[in-house]
Each structure stands twice: as structure tokens, then as C-alpha cells.
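The values are calculated or read from the model by the stated rules, or taken from the named source; none is laboratory data. Quick caveat: nothing in here was measured; it's all calculated off a predicted structure. With ideal geometry, Cβ positions are generated from the backbone for all residues, glycine too; neighbour counts draw on all protein chains shown.
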Amino acid sequence: MPLSQVEDFVRQVPDDVLVVLDEAYIEFVTTEDRERGPLLYRKYDNLVVLRTFSKIYGLSGLRVGYALCAAEIVAALDRVRQPFNVNRLAQVAAREALRHQDQVAERRAENARLRDLLAARLAASGRRTLPSQANFMLVDISGLRVPQEEVATELLRRGAIVRDGASLGCPGWARVTVGSEAEIEFFLDKLAELETGTTAADAAGPSRPDADAAGQSKSDAAGGSA
Ligand SMILES: Cc1ncc(COP(=O)(O)O)c(C=O)c1O
């Protein structure tokens, strides 16, 4: 959603009602909106902008993030937050990560390239996606040989992890994370199996591109970006 629409919404909310804007994926955004959230909280005292180091920074295992908001809200949060809620190692890592915006920019550009590739490859096979600025997108899962509510489980059985859109309020869609080129091809291959009705047992396709001997995906490993 463009930030102008967010602002229209915030403007309509009474001053004594808090609005929380979750910007967990903001660093993946390639439009000029990326830098604007922090400007908004300066304009609206009832707006809290949340950021995390779990996504583009890849530090999910360290449990560190921050809020941008008016000093009055910071004081209120300070009274209720647990003491030592972000440990020192996490703070050091987060501060160091912030210094490497060149790497963040590289990841953003690479994600955008692969996001376009995933959307284009799906479009070429006649499958709709919704426009995304994040590192995931919603993919239309209609017209497969399995009921929509079983698509995520069937893909999981084949080694491709997606989230069922129904659990996000979007039945008929799957939330698919942008992966490497090999992971995108792997996912498309598994989706094609559900189009043709090939069973997981029949399909002796390639193993997951990032699976190690224990079958764990690198991107699922603790500390990776979520
Ligand atoms: C939309 C959204 N907001 C916030 C988070 C929170 O991330 P964390 O609790 O790791 O900072 C996530 C992580 O999955 C997310 O997907």
C-alpha cells in the first residue's frame, strides 16, 4: 500500500487512538516510499513505526528491532517493557548492521531482480500474482489438481514451503517467498506437478536446491532472514 494511503488512514484516526505501522519489510521496498515512514511519525504523535533486523538484515535469531515514535510513547513503552529485552550482543550486531547500508542496498536490488523474475516466470505460465514490494508475493493457486486448502501441504510434501493465503485472509492465494534462481525453478517445478496431477511419490525431481544432507533449508536455519 502506498504511504499516501497510509497517511490518509492515519489522518482519519482520532488523536487518542494509536496507529502501529509495521515496516518489517520496508528495506525491500524499491519505491521512494521506503524512506518516508519515519517522516510520518514526526507528523502524527499517535503513530508508531516498527522496524526489525529479522528481515533484510538477516538477524532474526538475535530478536532485535525498534520503534520510531513520539517521546511520550517511548516513555510509556519504557515503563512496560521487560528489562534487558534486547541483549548486548544483539545491540552490537544491529548497530554494526546499520553501518553496512551498501550491503542492504545490494540485497534489496537482488531481491527486486528475483521478485521480478518470479512474477515473470509465473505470468509466463499463466498464473496471476499480486504486485509486491516485499520479499514475498501472493500467487494465485486456482486451477490446480488439488483443493486450494491442500496446496501448501502438497508443496511442502514436495519440499517447497509456502504459506496458505487463507491463514492471511486471502483464500485462493499462496504467499511465496522470493528465493534464489534455483529455488524459484524448484518451486515452479513443484507447482507444475500440482497442475498436471503428478503425485509426490511419482515425482523423482531434483532435491531442494538449498537442502543439506539433513534436509534442512539454509534459509530456514536460525538466524536467517524470515
Ligand atoms: C509482517 C511482520 N511483522 C513483523 C515481524 C516480526 O519480526 P521479528 O519479531 O522477528 O522482529 C514479522 C516476522 O515474521 C512479519 O512478517
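Tabulated data
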read-out: Qualifying residue in segment 115-132 (condition: modelled with pLDDT of 95 or more, farther than 16 Å from L188 by Cβ and among the charged types (D, E, K, R)); value: no
read-out: Filter result for the condition that a residue is more than 16 Å from the ligand (Cβ to nearest atom) and either part of a strand (DSSP E or B) or closer than 17 Å to M1 by Cα (or both), over R121, R11; value: R11
read-out: Residue within segment 142-154 that is aliphatic (A, V, I, L, M), in contact with a Lys or Arg (Cβ under 6 Å, 6 or more places away or on another chain) and at pLDDT 95 or above present; value: no
read-out: Subset of segment 66-81 (residues that are under 26 Å from D102 (Cβ atoms) and crowded, with 18+ Cβ neighbours inside 10 Å); value: L68
read-out: Residues of segment 23-63 satisfying the condition of being within 18 Å of T177 (Cβ to Cβ) and either away from the ligand (no atom under 16 Å from the Cβ) or in a strand (DSSP E or B) (or both); value: T30, T52
read-out: Set L114, L130, L122, L156: member being surrounded by 19 or more Cβ atoms within 10 Å (Cβ to Cβ) and outside the structural domain of T52 (by TED's automatic domain parsing); value: L122
read-out: Output for segment 54-76, where each listed residue is within 25 Å of D16 (Cβ to Cβ) and under 26 Å from the mean Cα position of the chain (by Cα); value: Y66, A67, L68, C69
read-out: Checking V19 against (1) within 16 Å of the ligand (Cβ to nearest atom); (2) β-branched (V, I, T); (3) under 29 Å from D102 (Cα atoms), the condition it does not meet; value: (3)
read-out: Residues (of a type outside the set (A, V, I, L, M, F, W, C) and modelled with pLDDT of 95 or more) located in segment 180-215; value: S180, E181, E183, E185, D189, K190, E193
read-out: Selection within segment 167-178 - modelled with pLDDT of 95 or more and among the small types (G, A, S); value: G169, G172, A174
read-out: Residues located in segment 64-86, provided they are assigned to a loop (DSSP other than H, G, I, E, B) and near the ligand (Cβ under 9 Å from one of its atoms); value: V64
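To keep it simple, each residue is scored yes or no on (1) within 23 Å of P131 (Cβ to Cβ); (2) crowded, with 16+ Cβ neighbours inside 10 Å; (3) in contact with a helix residue (DSSP H, G or I) (Cβ under 7 Å, 6 or more places away or on another chain); (4) of a type in the set (D, E).
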site: F28; (1), (2), (3), (4): yes, yes, yes, no
site: L47; (1), (2), (3), (4): no, yes, yes, no
site: S54; (1), (2), (3), (4): no, yes, yes, no
site: G58; (1), (2), (3), (4): no, yes, no, no
site: P83; (1), (2), (3), (4): no, no, no, no
site: R95; (1), (2), (3), (4): no, no, no, no
